[in-house]
Amino acid sequence: MLRLERVVFAQLISQTIPGRVLILLGARRVGKTSLLKELATSFDSELVLLLNGEDQATLDRLSIKSVENYRTMLGKVKYLIIDEAQNIPEIGLKLKLIVDELPEVAIIVTGSSMFELTNQLGEPLVGRSLVIQLFPLAQLEFNAYENLIETDARLPQRMVLGSYPELVHLTTEEDKIDYLEGIVNSYLLKDILAFQGIKKSDKILDLLRLVAFQIGSEVSIDELASNLKGISRNTIETYLELLTKVFVIYPVQGFSRNLRKEIRKSNRWYFYDNGIRNALIRNYNALNLRNDTGQLWENYLMAERMKVNAYLKRRVNTYFWRTYDQQEIDLVEESGSTLVAYEFKWNKTIVKVPSAWKNNYPDAQFVLVNQKNYLDFITGKI
């Protein structure tokens, strides 16, 4: 069985330090548990305690918030590893107690939702925690196992079915589709529905489907509200925020230096993974049978760019750019005073730089990303 080495593994090893909490965040099924188990085997097994936050025995062991309890539980353990830690009540205060009183212990926790884990861990562990995000597989990770010809051949399938790790081990397209639909039906909203007793999963899925058809366009909250009968504007904003915090979708804001014609109030929304987007709308057709190839290309490139920027620690601000007279650019990256504009085209090899952009940002670089140079873009070379 092919085992892809994750980019963040070396960072996890190097950042596992006594007296600090390492937080591995990412959507369900992106490989956090496998990574933790691999990490655990890197240390002396007698010094490791691996717990599951979804297991009642773990909840019971951590329920008594006292130094004596944790000292007894840990014994000579030097590495405390907790999977799905967001399920443990008061996890932040409990880990703070361990960090304060047992500073010889290094702690690694994972979570599939930011609204519980970062809220609980944030304030108690300021200055003593580090967050690392794990995504579906990145091209940066595939590069070590496939050549350019293989990558190009697999691109159409990745644009349709995405890059969840388990897909690598499934041989038929039918099995891959079943797996993606299983994620949508069983895992996608699990953390949201457990949060504050939210029960309207059908409405959240309807909202996601509407967003899925608007990739590459500004999303109007009012328009979403008019299409989702019985759901208020405020509720839609809440749902979008929750979906962001469980790593299903993420917003990109409009870029503006206060020029009157530039749009900046509405967001564009993208999916962390193309496969989840297509599973939601149940369209697995090949690219030559679709009318949304441009949207899939844009979402794929945006997601891969997000991964490589995170993994290579490229500190950039990400925007789209559009004017009220319909001039637009798909992606603008801002790093310090440097601006780079990227335009995504599936087929075209030549595009004109929008005149308003050229006139107002003459020092900015402009790059067309197409099938000829996309690998350089998604691996951070351009």
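Checking each residue in region 41-61 for being in a helix (DSSP H, G or I), in contact (Cβ under 8 Å) with a residue 24 or more places away in the chain and either among the polar types (S, T, N, Q) or under 15 Å from residue 74 (Cβ atoms) (or both) picks out 46, 47, 58.
Checking 300, 284 one by one, the residue that is part of a loop (DSSP other than H, G, I, E, B) and at pLDDT 95 or above is 284 and no other. Would you mind stating whether residue 270 is among the hydroxyl-bearing types (Ser, Thr, Tyr) and at pLDDT 95 or above? When the stated conditions are applied, residue 270 passes them.
Taken as a whole, the condition of being within 17 Å of the chain's Cα centre (by Cα) and of a type in the set (S, T, N, Q) does not apply to residue 157. Among the listed residues 286, 279, identify the single one that is hydrophobic (A, V, I, L, M, F, W, C), within 25 Å of residue 183 (Cα to Cα) and surrounded by fewer than 17 Cβ atoms within 10 Å (Cβ to Cβ). Among 286, 279, only 286 is hydrophobic (A, V, I, L, M, F, W, C), within 25 Å of residue 183 (Cα to Cα) and surrounded by fewer than 17 Cβ atoms within 10 Å (Cβ to Cβ). Taking the residues in region 266-295 that are among the hydrophobic types (A, V, I, L, M, F, W, C) and closer than 25 Å to residue 222 by Cα as candidates, determine which candidate is farthest from the chain's Cα centre (by Cα). If we take residues in region 266-295 being among the hydrophobic types (A, V, I, L, M, F, W, C) and closer than 25 Å to residue 222 by Cα, then 281 is farthest from the chain's Cα centre (by Cα). Could you pull out the residue among 215, 177 that is farther than 17 Å from residue 113 by Cα, among the β-branched types (Val, Ile, Thr) and assigned to a loop (DSSP other than H, G, I, E, B)? Exactly one of 215, 177 is farther than 17 Å from residue 113 by Cα, among the β-branched types (Val, Ile, Thr) and assigned to a loop (DSSP other than H, G, I, E, B), namely 215. Taking residue 83, is it surrounded by fewer than 16 Cβ atoms within 10 Å (Cβ to Cβ) and outside the structural domain of residue 194 (by TED's automatic domain parsing)? In short, no. Per this entry, residue 307 is not counted among residues that are more than 22 Å from the chain's Cα centre (by Cα), among the charged types (D, E, K, R) and either part of a loop (DSSP other than H, G, I, E, B) or surrounded by 15 or more Cβ atoms within 10 Å (Cβ to Cβ) (or both).
Filtered by the rule that a residue be closer than 21 Å to residue 267 by Cα and either in contact with a Gly (Cβ under 7 Å, 6 or more places away or on another chain) or buried (at least 19 other Cβ atoms within 10 Å of the Cβ) (or both), region 310-322 gives 319, 320, 321, 322. Residues in region 331-350 that are at pLDDT below 95 and within 22 Å of residue 268 (Cβ to Cβ): 347, 348. Checked against the criterion of being under 23 Å from residue 189 (Cα atoms), in a helix (DSSP H, G or I) and hydrophobic (A, V, I, L, M, F, W, C), region 80-88 has at least one qualifying residue.
Cβ-Cβ contacts under 8 Å between residues 6 or more apart (or on different chains), taken from a first residue in region 147-171 that is in contact (Cβ under 8 Å) with a residue 40 or more places away in the chain to a second residue that is buried (at least 18 other Cβ atoms within 10 Å of the Cβ) and of a type in the set (Gly, Ala, Ser), are listed as 160/275; 161/275; 162/275; 163/138; 163/275; 164/275; 165/31; 167/275.
Cβ-Cβ contacts under 7 Å between residues 6 or more apart (or on different chains), taken from a first residue in region 99-114 that is over 15 Å from residue 23 (Cβ atoms) to a second residue that is among the small types (Gly, Ala, Ser) and surrounded by fewer than 23 Cβ atoms within 10 Å (Cβ to Cβ), are listed as 103/19.
This table checks each residue for (1) crowded, with 19+ Cβ neighbours inside 10 Å; (2) among the aromatic types (Phe, Trp, Tyr).
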| position | (1), (2) |
| --- | --- |
| 187 | no, yes |
| 191 | yes, no |
| 201 | no, no |
| 210 | no, no |
| 217 | no, no |
| 225 | no, no |
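The values are calculated or read from the model by the stated rules, or taken from the named source; none is laboratory data. Keep in mind the model is a prediction, meaning the values are calculated, not measured. Quick reminder, even Gly has a Cβ in these numbers, built from the backbone with ideal geometry, and neighbours come from all protein chains shown.
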